[in-house]
Amino acid sequence: MSDFKGALIGCGFFAVNQMQGWNDVKGAGIVAICDRDPERLKIVGDQFGVERRYTDAGQMFADGGFDFVDIATTVSSHRALVEMAAAHKVPAICQKPFAPTLADAKAMVAACKAAGIPLMIHENFRWQTPIQAVRKVLDTGAIGTPFWGRFSFRSGYDVFSGQPYLSEGKRFIIEDLGIHTLDIARYILGDVTSLTARTRRVNPRINGEDVATILLDHDNGATSIVDVSYATKQSIEPFPETLIEIDGTEGSIRLSQGYELQVTNTEGTVNTDVAPTLLSWASRPWHNIQESVFAIQQHWIDSLKAGSESSTSGTDNLKTFALVEAAYESADTKATIDIGTLLK
Ligand code: NAD
Ligand code: 89V
C-alpha cells in the first residue's frame with residue numbers, strides 16, 4: 001500500500017486529472033473521496049475504484065484515516081475546506097484560485113500556520129515541461145541577467161463547454177487563467193513590486209473580462225508584460241500554451257507555439273523541442289496541463305517526505321494571488337498598484 005494516504009474533495013471536471021495523477025504518483029494513493037453531488041461521487045468513485053465515499057466533507061474529516069487532503073472544488077468553498085483541514089491538522093492542497101479575496105487567502109495561510117500543517121496551492125502551470133525548460137536555461141546563465149520578459153496566452157478555445165461556471169462570474173480571465181500566467185512571470189523573473197493593468201470583455205455571452213494586458217515591475221529591476229486573451233482567433237489554435245520571450249544582457253530566450261525553445265547568445269542559436277510527454281491517460285491539447293498535474297502532485301509528496309516547503313506553498317502563492325487582486329484594482333482605477341502594500 002502507498003506511503004501517504006490522501007482524500008480528495010470535489011469530483012468535478014478537473015478532479016479526474018488529479019485522480020489520474022495520483023494513480024501515477026510514487027508514494028501516495030487516494031483512499032477516500034467527497035462530493036456533495038452524489039452523481040459525481042459515483043462517477044469518480046467507480047472510475048477509480050475508491051470505496052470510501054462522502055457527500056459531507058465534515059463527516060470525512062471526522063472519520064479520518066488519511067494523511068493529506070486534496071481540495072479540488074471551485075473557489076467559494078476553498079476557505080471553509082482549508083480551515084476544516086487545519087482544524088483536523090491534515091496537510092492540505094487547495095486548487096487555484098486560492099480564495100475569493102486576498103483577505104480570505106491570508107486567513108487560510110494563518111490557519112494552516114497555527115495548526116502546524118503544510119498548505120500547497122495547486123498552481124501547476126510552473127510545473128509544465130516547457131516552463132521548467134525556460135527556468136533551466138536562465139539558471140545556466142546562458143542569456144546573462146534577464147531585463148525584460150513577455151508571458152503570453154492568447155486563444156479562442158471554448159473553455160466554457162468544460163467549465164460553464166467560467167462564463168458566469170463578474171471576474172473571468174485574470175482570476176482563472178491569468179493567475180497561472182502571473183505565477184509563471186514570478187517563477188521566471190522573480191517577485192513583483194508594482195503592476196498596471198487594462199482589461200476588456202469581447203465575448204458578449206460572458207459576464208467577466210476575457211482580455212487583459214498587465215505590466216509588471218519585478219524586484220530585480222526587470223520589466224515584463226503578461227497578456228492573456230480568450231478572444232483571439234488564430235490559424236493554429238495554441239491552447240493551452242504559454243508563449244514566452246525573455247531578453248537578457250547576454251542573449252535571449254523564445255518559447256514559441258509548438259513547444260519550440262530557442263536560445264540565442266554570442267555562441268549562436270540553439271533550438272530545442274520542449275514538448276510535454278503525452279501520459280497514458282492524457283489527451284491533446286490538454287496533455288501539457290495534465291503532465292503538470294502529475295508533476296505538482298509528485299512534488300507535494302516529495303515535499304511531505306522531506307519536510308520541506310512546496311514550491312507553490314500558501315505563503316508563496318499569496319504573492320501570485322496579490323497580483324490578481326492588483327490587476328483588477330488597476331483595471332478599475334487606472335492606477336499603478338504597489339504589491340508590498342497589498343501583502344502587508
Ligand atoms: P467543477 O464545478 O466541475 O467541480 C467542482 C466539484 O466540487 C463539483 O462536483 C461540486 O459538486 C464539488 N463541490 C463544491 N463544493 C463542495 C463542497 N463544499 N464539498 C464537496 N464537494 C463540493 O469545477 P472544476 O472545473 O473541476 O474546477 C475545480 C477547481 O479546479 C476550480 O478552482 C478551478 O479553477 C480549478 N481548475 C484548475 C485547473 C488547473 O490547471 N490548475 C484547470 C481547471 C480547473
Ligand atoms: O486553469 C484553469 O482553471 C482552466 C484552464 C486551464 C482551462 O484555464 O480554466
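Could you identify the single residue in A275, A185 that is among the small types (G, A, S) and more than 17 Å from F321 (Cβ to Cβ)?
Within the list A275, A185, the selection yields A275.
If L215 passes every condition in (1) open to solvent by 10 Å² or more (accessible area, probe 1.4 Å); (2) in contact (Cβ under 8 Å) with a residue 40 or more places away in the chain; (3) more than 18 Å from K96 (Cβ to Cβ) but one, which one does it miss?
Of the numbered conditions (1) open to solvent by 10 Å² or more (accessible area, probe 1.4 Å); (2) in contact (Cβ under 8 Å) with a residue 40 or more places away in the chain; (3) more than 18 Å from K96 (Cβ to Cβ), the odd one out for L215 is (2).
Taking the condition open to solvent by 50 Å² or more (accessible area, probe 1.4 Å) and under 20 Å from the mean Cα position of the chain (by Cα), does L255 pass? Working first, answer last.
Working: open to solvent by 50 Å² or more (accessible area, probe 1.4 Å): no; under 20 Å from the mean Cα position of the chain (by Cα): yes.
For L255, the condition - open to solvent by 50 Å² or more (accessible area, probe 1.4 Å) and under 20 Å from the mean Cα position of the chain (by Cα) - is not met.
Which members of the range 158-170 meet the condition of being surrounded by fewer than 18 Cβ atoms within 10 Å (Cβ to Cβ) and either part of a loop (DSSP other than H, G, I, E, B) or β-branched (V, I, T) (or both)?
D158, F160, S161, G162, Q163, E168, G169, K170
Look through the range 106-138, keep the residues that are in contact with a helix residue (DSSP H, G or I) (Cβ under 6 Å, 6 or more places away or on another chain) and among the polar types (S, T, N, Q), and return whichever of them is farthest from ligand 1 (Cβ to nearest atom).
Checked the range 106-138; the qualifying residue farthest from ligand 1 (Cβ to nearest atom) is Q128.
Please indicate, with yes or no, whether at least one residue in the range 276-288 is surrounded by fewer than 16 Cβ atoms within 10 Å (Cβ to Cβ), touching an Asp or Glu at 6+ places or on another chain (Cβ under 6 Å) and at pLDDT 95 or above.
yes
Looking at the range 30-42, is at least one residue in contact (Cβ under 8 Å) with a residue 40 or more places away in the chain, open to solvent by 60 Å² or more (accessible area, probe 1.4 Å) and not acidic (D, E)?
Of the residues in the range 30-42, the ones in contact (Cβ under 8 Å) with a residue 40 or more places away in the chain are 30.
Add one more test, that the residue is open to solvent by 60 Å² or more (accessible area, probe 1.4 Å), and what stays is none.
Within the range 30-42, not a single residue is in contact (Cβ under 8 Å) with a residue 40 or more places away in the chain, open to solvent by 60 Å² or more (accessible area, probe 1.4 Å) and not acidic (D, E).
Restricting to the range 235-252, name every residue that is within 16 Å of ligand 2 (Cβ to nearest atom) and either at pLDDT below 95 or of a type in the set (A, V, I, L, M, F, W, C) (or both).
Of everything in the range 235-252, those that are within 16 Å of ligand 2 (Cβ to nearest atom) and either at pLDDT below 95 or of a type in the set (A, V, I, L, M, F, W, C) (or both) turn out to be F239, L243.
Of the conditions (1) closer than 21 Å to L119 by Cα; (2) in contact with a Cys (Cβ under 9 Å, 6 or more places away or on another chain); (3) surrounded by fewer than 22 Cβ atoms within 10 Å (Cβ to Cβ), I9 fails just one. Which one is it?
(3)
In the range 47-79, what count of residues is obtained for those that are hydrophobic (A, V, I, L, M, F, W, C), more than 7 Å from ligand 1 (Cβ to nearest atom) and open to solvent by less than 60 Å² (accessible area, probe 1.4 Å)?
The number of residues fulfilling the criteria is 8.
Given (1) aromatic (F, W, Y); (2) more than 16 Å from ligand 1 (Cβ to nearest atom); (3) over 23 Å from V274 (Cα atoms), where does W148 come up short, assuming only one miss?
(3)
Go through T199, T181 for me and flag whichever is of a type in the set (S, T, Y), in contact (Cβ under 8 Å) with a residue 24 or more places away in the chain and either away from ligand 2 (no atom under 11 Å from the Cβ) or on the phi > 0 side of the Ramachandran plot (or both).
Result of the check over T199, T181: T199.
Got a sec? Which of T140, T129 is β-branched (V, I, T) and within 16 Å of ligand 2 (Cβ to nearest atom)?
T129
State all residues of the range 222-241 that are open to solvent by 10 Å² or more (accessible area, probe 1.4 Å) and touching a Leu at 6+ places or on another chain (Cβ under 9 Å); if no residue qualifies, say none.
Within the range 222-241, T223, I225, Y230, E241 meet the criteria.
Of the residues that make up the range 101-113, is at least one closer than 27 Å to A335 by Cα and within 14 Å of ligand 2 (Cβ to nearest atom)? Don't jump to the end; show me each part of the working.
First, the residues of the range 101-113 that are closer than 27 Å to A335 by Cα: 101-107.
When the remaining residues are screened for being within 14 Å of ligand 2 (Cβ to nearest atom), the result is none.
No: zero hits.
Can you go through Q95, Q59 and tell me which one is closer than 20 Å to R40 by Cβ, more than 18 Å from the chain's Cα centre (by Cα) and not acidic (D, E)?
Q59
The values are calculated or read from the model by the stated rules, or taken from the named source; none is laboratory data. In this text the structure is predicted, and so the values were computed from the model without any measurement. Every residue, glycine among them, receives a Cβ derived from its backbone with ideal geometry; neighbour counts consider all protein chains shown. Please note that ligands, DNA and RNA were not included when accessible areas were found on the heavy atoms of the full protein model with its side chains. Shrake-Rupley method; radii C 1.70, N 1.55, O 1.52, S 1.80 Å.
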